[in-house]
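Have a look at the structure below, then the notes.
The values are calculated or read from the model by the stated rules, or taken from the named source; none is laboratory data. Everything numeric here is computed off the predicted structure, so don't read it as measured data. Please note: Cβ atoms are built from the backbone with ideal geometry, for glycine as well, and neighbour counts cover all protein chains shown.
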Amino acid sequence: MIPPIANRFVAGESPAEALAHVRQLNGHGVNGIVNLLGEHYDEREPAAADAAEYRRLVADIAGSRLGACISVKPSQLGLEIDESVFRRELEEIVAAATERGVFVWIDMEDHTTTDATLDAFEAVARERDGGERSSSDHRSDDGVGVCLQANLRRTRADLRRLADVPGKIRLVKGAYDPPSDVAYTDSTRVDQEYRTLLEYAFEHYDGGIAVGSHDPAMIEHATALHDRYGTDFEIQMLMGVREAAQYELAEEYDVYQYVPYGDRWLSYFYRRVAERRENLRFALRAVLSS
Ligand code: FAD
């Protein structure tokens, strides 16, 4: 069982609990992005086990007809063992998801993994796009997307590079703490960069844009850009953060909630607490009232 300190941010330990949470979200008009918690594996066994669970998960999502997709972490699929392990596991998950009409997101981890992650995304997106035309089974909800971090100095160039790749991008501010030679470390500068990158994406992308932010200012900027350029976009937020706003926004826009589950919740929970003191207060209040 997920302890009260973390259960605001984590849906449960099992896929069934995660999907039950998604069913509730769907009742509010919000879709789920299901993530099995796990990262930094240095052995093949847990990477292969998580990859197999993701393949079962896409079958469960398709079978239950839920409004949901999945999001995977490169180091969970073996990137730190060998890039080829990650590539192979990702390809198999994307093949299973494409077959069943389920979308696959690739999370972005620390800046040392960006090249390998973007290369793998580009390869699976192009491969999928080529194969898709011959598949009579193809459904319109499937596809692949990758996360880009606005705090990295390189992201302007990455966004330009990915503009013609047949996939979506999720723009976030960045949850890791990269050094100043590769990243903007001042939050006002990151916000400014986020706005600039978002405008570039709305102007040049037609594959789809996800605004991965709880920040009302960024969401307002995105809706204004949508009105100006007409580009499709979706809003993505995390489980346990601004949920009332998620339900309200879902009346007008496509909204997705990132729904993590599994027993490896500790480092995910730490990241949420580190990024906002208010999250720690929520967690402590939950412990005191349990
Ligand atoms: P912040 O800059 O943290 O806050 C700005 C404003 O948003 C606040 O002033 C407040 O008005 C509002 N706000 C923020 N949090 C709260 C809250 N708890 N309660 C009330 N209001 C709040 N990062 C990665 O590095 N890689 C990933 O793959 C990745 N995937 C993500 C996927 C999703 C769906 C989301 C939502 C985020 C993801 N992130 C990822 C995390 C992201 O990089 C940020 O660390 C995180 O979203 C915090 O930044 P922010 O834009 O939400 O707002």
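Results, tabulated for the structure shown:
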item: Filter result for E278 (more than 19 Å from the chain's Cα centre (by Cα), away from the ligand (no atom under 11 Å from the Cβ) and acidic (D, E)); result: no
item: Subset of region 206-242 that is among the acidic types (D, E) and under 23 Å from V104 (Cα atoms) - its residue that is nearest to the ligand (Cβ to nearest atom); result: E234
item: Within region 178-205, considering residues that are in contact (Cβ under 8 Å) with a residue 60 or more places away in the chain and aliphatic (A, V, I, L, M), the one nearest to the ligand (Cβ to nearest atom); result: A183
item: Residues that are within 14 Å of the ligand (Cβ to nearest atom) and either part of a helix (DSSP H, G or I) or among the hydrophobic types (A, V, I, L, M, F, W, C) (or both), drawn from region 23-35; result: L25, V30, I33, V34
item: Sole exception among (1) out of contact with any His (no Cβ under 8 Å at 6 or more places or on another chain); (2) more than 13 Å from the ligand (Cβ to nearest atom) for Y247, by number; result: (1)
item: Exclusive hit being under 16 Å from the mean Cα position of the chain (by Cα) and either surrounded by fewer than 20 Cβ atoms within 10 Å (Cβ to Cβ) or in a loop (DSSP other than H, G, I, E, B) (or both), set G130, G174, G145; result: G174
item: Single residue of Y54, Y41 found to be under 20 Å from D107 (Cα atoms), more than 16 Å from the ligand (Cβ to nearest atom) and surrounded by 17 or more Cβ atoms within 10 Å (Cβ to Cβ); result: Y41
item: Of all residues making up region 239-282, the number that are acidic (D, E) and modelled with pLDDT under 95; result: 3
item: A175, sole failed condition from (1) closer than 22 Å to D115 by Cβ; (2) within 15 Å of the ligand (Cβ to nearest atom); (3) modelled with pLDDT of 95 or more; result: (3)
item: Looking only at region 205-216, and only at residues there that are more than 17 Å from the chain's Cα centre (by Cα) and either more than 14 Å from L171 (Cα to Cα) or among the charged types (D, E, K, R) (or both), the one that is surrounded by the most Cβ atoms within 10 Å (Cβ to Cβ); result: D206
